[in-house]
Amino acid sequence: MQFGIFTVGDVTTDPTTGKTPSEHQRLMSMMKYALKAEEVGLDVFATGEHHNPPFVPSSPTTMLGWIAAKTSKIQLTTSTTLITTNDPVKIAEDFSILQHLAGGRVDLMMGRGNTGPVYPWFGKDIREGIPLAIENYHLLRRLWREKTVDWQGQFRTPLRGFTLAPAPLDDTPPFVWHGSIRSTEIAEQAAFYGDGFFANHIFWNKEHTQQMIDLYRSRFEHYGHGSADQAIVGLGGHIFMRKNSQDAIRDFRPYFNNAPVYGHGPSMEDFMEMTPLTVGSPEQVIEKTLSFADYAGHYQRQLFLVDHAGLPEEMVLEQIELLGTEVVPVLRKEFEARRPAHIPSDPPSHASLRAQGEDGKHRKVIPVESAEQPA
């Protein structure tokens, strides 16, 4: 099972000091977190994609390319690549190059994006978010798998005789996750292609998350990719740790209360009760994270948010150190002890996808006119 961290790249004032990092400082801190994650033995680093303040990661592949040059083991991915406002041709090119530079240590997570004003900046309409996601992703898959692409759709100019350069490393496209917190169409899309489904359930109760994952699993089996319990699932979560829980609650409360996505709503205690947010000791993080499988089933990737809400750099580095040294080793052992032999422990990698060959289930091309294509 893979464990790692993800960042949304917000630039937020530290409520305890009143200091706000510059955009440059925030980007450099994120790079430090990626290097620290590899140093302490984590498996994955993921960055979001945003094109509006107060966020800075507008070019994830640029960031991940820098990290690839500084690391040798950690898997690099996105915690959203916007399939709606990005051109599929550009996504295909960018991630093919990143694959080559990173030696295959790359996958990505597709998402629609939920910031309304961003869509028209790229000539799109948020009301067409679902159709855009479906059409653009189908084109992206073809670009990665066919030498010459002729294509015409609703949302971009036609392609005539287009050849992707460079082709994916070893002619093996990266594995794709589809991230969604509420859109059943996206769960359906992930299942249709046999891709992964990532439920970043930071804001949602476990009952809602379970419904979305159960839908994905049942449709994964329906489309013939394997049994429902073999479907590839990833989860998010937000943590803050101190050696004892009282210190963690005291230290994190001002950050929670002023967080752009949390503050001025339910109390921290209510959020901890209703959602995966865990503020406490490493032992409490272990206990709660293990409970995710009670409603999500056996899953393959767990990513933790550790740098949101203005936390200073040194505090975030402490969180990553605790994850790598005290939390993840226990989680790996406990999760694997519970996992049945027929359920994958890891998501597909570049090596495993390459071994499957052109006829492998994760690489098949489904004709656009397929009667069962999600719509």
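Taking into account only those residues within the range 295-317 that are touching a residue at least 24 places away in the same chain (Cβ under 8 Å), in a helix (DSSP H, G or I) and of a type outside the set (A, V, I, L, M), which is least open to solvent (accessible area, probe 1.4 Å)?
So the residue we want is Tyr295.
Looking at the range 36-52, is at least one residue at pLDDT 95 or above, within 19 Å of Glu314 (Cβ to Cβ), part of a helix (DSSP H, G or I) and in contact with a Lys or Arg (Cβ under 8 Å, 6 or more places away or on another chain)?
Yes, some residue in the range 36-52 is at pLDDT 95 or above, within 19 Å of Glu314 (Cβ to Cβ), part of a helix (DSSP H, G or I) and in contact with a Lys or Arg (Cβ under 8 Å, 6 or more places away or on another chain).
Only one of (1) within 20 Å of Gln75 (Cβ to Cβ); (2) part of a loop (DSSP other than H, G, I, E, B) is not met by Ala167, so which one is it?
Checking Ala167 against (1) within 20 Å of Gln75 (Cβ to Cβ); (2) part of a loop (DSSP other than H, G, I, E, B), the one that fails is (1).
Scan the range 326-346 residue by residue and report those that are assigned to a loop (DSSP other than H, G, I, E, B), out of contact with any Asp or Glu (no Cβ under 7 Å at 6 or more places or on another chain) and of a type outside the set (D, E, K, R). Explain how you work it out, then say what you get.
Initial filter on the range 326-346 (assigned to a loop (DSSP other than H, G, I, E, B)): 339-346.
Still in the list and also out of contact with any Asp or Glu (no Cβ under 7 Å at 6 or more places or on another chain): 339-342, 344, 346.
Scanning the range 326-346 gives Pro340, Ala341, His342, Pro344.
Go through (1) at pLDDT 95 or above; (2) under 17 Å from Thr12 (Cβ atoms) one by one and return the number of the condition Asn258 breaks.
For Asn258, the exception is condition (1).
Go through the range 347-375 and count every residue that is assigned to a loop (DSSP other than H, G, I, E, B) and either of a type in the set (S, T, N, Q) or modelled with pLDDT of 95 or more (or both). If you could, list the steps in order and put the result at the bottom.
So in the range 347-375, the residues assigned to a loop (DSSP other than H, G, I, E, B) come out as 347-349, 357-360, 364-375.
This time we only want the ones that are either of a type in the set (S, T, N, Q) or modelled with pLDDT of 95 or more (or both), so: 347-349, 370, 373.
Residues in the range 347-375 being assigned to a loop (DSSP other than H, G, I, E, B) and either of a type in the set (S, T, N, Q) or modelled with pLDDT of 95 or more (or both): 5 in total.
Answer with yes or no whether Ile213 is of a type in the set (Val, Ile, Thr), in a helix (DSSP H, G or I) and either in contact with a Gly (Cβ under 6 Å, 6 or more places away or on another chain) or farther than 23 Å from Leu290 by Cα (or both). Give the steps one after another, and end with the answer.
Working: of a type in the set (Val, Ile, Thr): yes; in a helix (DSSP H, G or I): yes; either in contact with a Gly (Cβ under 6 Å, 6 or more places away or on another chain) or farther than 23 Å from Leu290 by Cα (or both): no.
Here the answer is no, as Ile213 does not meet what is asked.
Provide a single number: the residues in the range 216-240 that are of a type outside the set (A, V, I, L, M) and either out of contact with any Phe, Trp or Tyr (no Cβ under 8 Å at 6 or more places or on another chain) or part of a helix (DSSP H, G or I) (or both). Explain how you work it out, then say what you get.
Of the range 216-240, the ones of a type outside the set (A, V, I, L, M) are 216-227, 229-230, 234, 236-238, 240.
From what's left, either out of contact with any Phe, Trp or Tyr (no Cβ under 8 Å at 6 or more places or on another chain) or part of a helix (DSSP H, G or I) (or both): 216-222, 224-225, 227, 229-230.
Result for the range 216-240: 12.
What is the one condition in (1) out of contact with any Phe, Trp or Tyr (no Cβ under 9 Å at 6 or more places or on another chain); (2) in contact (Cβ under 8 Å) with a residue 12 or more places away in the chain; (3) within 23 Å of Arg26 (Cβ to Cβ); (4) of a type in the set (S, T, N, Q) that Ser58 does not satisfy?
(2)
Exactly one condition in (1) part of a loop (DSSP other than H, G, I, E, B); (2) open to solvent by 20 Å² or more (accessible area, probe 1.4 Å) is false for Pro173; which is it?
All conditions pass for Pro173, except number (2).
Somewhere in the range 106-126, is a residue modelled with pLDDT of 95 or more, assigned to a loop (DSSP other than H, G, I, E, B) and buried (at least 21 other Cβ atoms within 10 Å of the Cβ)?
Yes, the conditions are met somewhere in the range 106-126.
For the condition in contact with a Lys or Arg (Cβ under 7 Å, 6 or more places away or on another chain) and modelled with pLDDT of 95 or more, what is the one hit in Tyr223, Tyr295, Tyr216?
Of Tyr223, Tyr295, Tyr216, the one residue that is in contact with a Lys or Arg (Cβ under 7 Å, 6 or more places away or on another chain) and modelled with pLDDT of 95 or more is Tyr295.
Does Val118 meet the test of being of a type in the set (Val, Ile, Thr) and touching a helix residue (DSSP H, G or I) at 6+ places or on another chain (Cβ under 7 Å)?
Working: of a type in the set (Val, Ile, Thr): yes; touching a helix residue (DSSP H, G or I) at 6+ places or on another chain (Cβ under 7 Å): no.
No.
Can you name every residue in the range 318-342 that is under 20 Å from the mean Cα position of the chain (by Cα) and either surrounded by fewer than 16 Cβ atoms within 10 Å (Cβ to Cβ) or free of Cβ contacts under 8 Å to residues at least 40 places away in the same chain (or both)?
none
Kindly indicate whether Thr81 is free of Cβ contacts under 8 Å to residues at least 60 places away in the same chain and within 23 Å of Pro168 (Cβ to Cβ). Can you show your working first?
Numbers: free of Cβ contacts under 8 Å to residues at least 60 places away in the same chain: yes; within 23 Å of Pro168 (Cβ to Cβ): yes.
Yes, satisfied.
Based on what the data block shows, is Gly237 closer than 18 Å to Ala46 by Cα, in contact (Cβ under 8 Å) with a residue 60 or more places away in the chain and open to solvent by 10 Å² or more (accessible area, probe 1.4 Å)?
Criteria not met by Gly237.
So in the range 127-167, with the set limited to residues that are open to solvent by less than 20 Å² (accessible area, probe 1.4 Å) and not hydrophobic (A, V, I, L, M, F, W, C), which one is farthest from Ala190 (Cα to Cα)?
We begin by selecting, within the range 127-167, every residue open to solvent by less than 20 Å² (accessible area, probe 1.4 Å); these are 129, 132-134, 136-141, 143-144, 149, 151, 159, 164.
From the residues that got through so far, the ones that are not hydrophobic (A, V, I, L, M, F, W, C) too are 129, 136-138, 141.
Details: Gly129: 16, Asn136: 14, Tyr137: 10, His138: 11, Arg141: 12 Å.
Of everything passing the filter in the range 127-167, Gly129 is farthest from Ala190 (Cα to Cα).
The values are calculated or read from the model by the stated rules, or taken from the named source; none is laboratory data. Just so it is clear, the structure is predicted and the values come from calculations on it, not from any experiment. Quick reminder, even Gly has a Cβ in these numbers, built from the backbone with ideal geometry, and neighbours come from all protein chains shown. All accessible areas refer to the heavy atoms of the entire protein, side chains included, with ligands and DNA or RNA removed. Shrake-Rupley method; radii C 1.70, N 1.55, O 1.52, S 1.80 Å.
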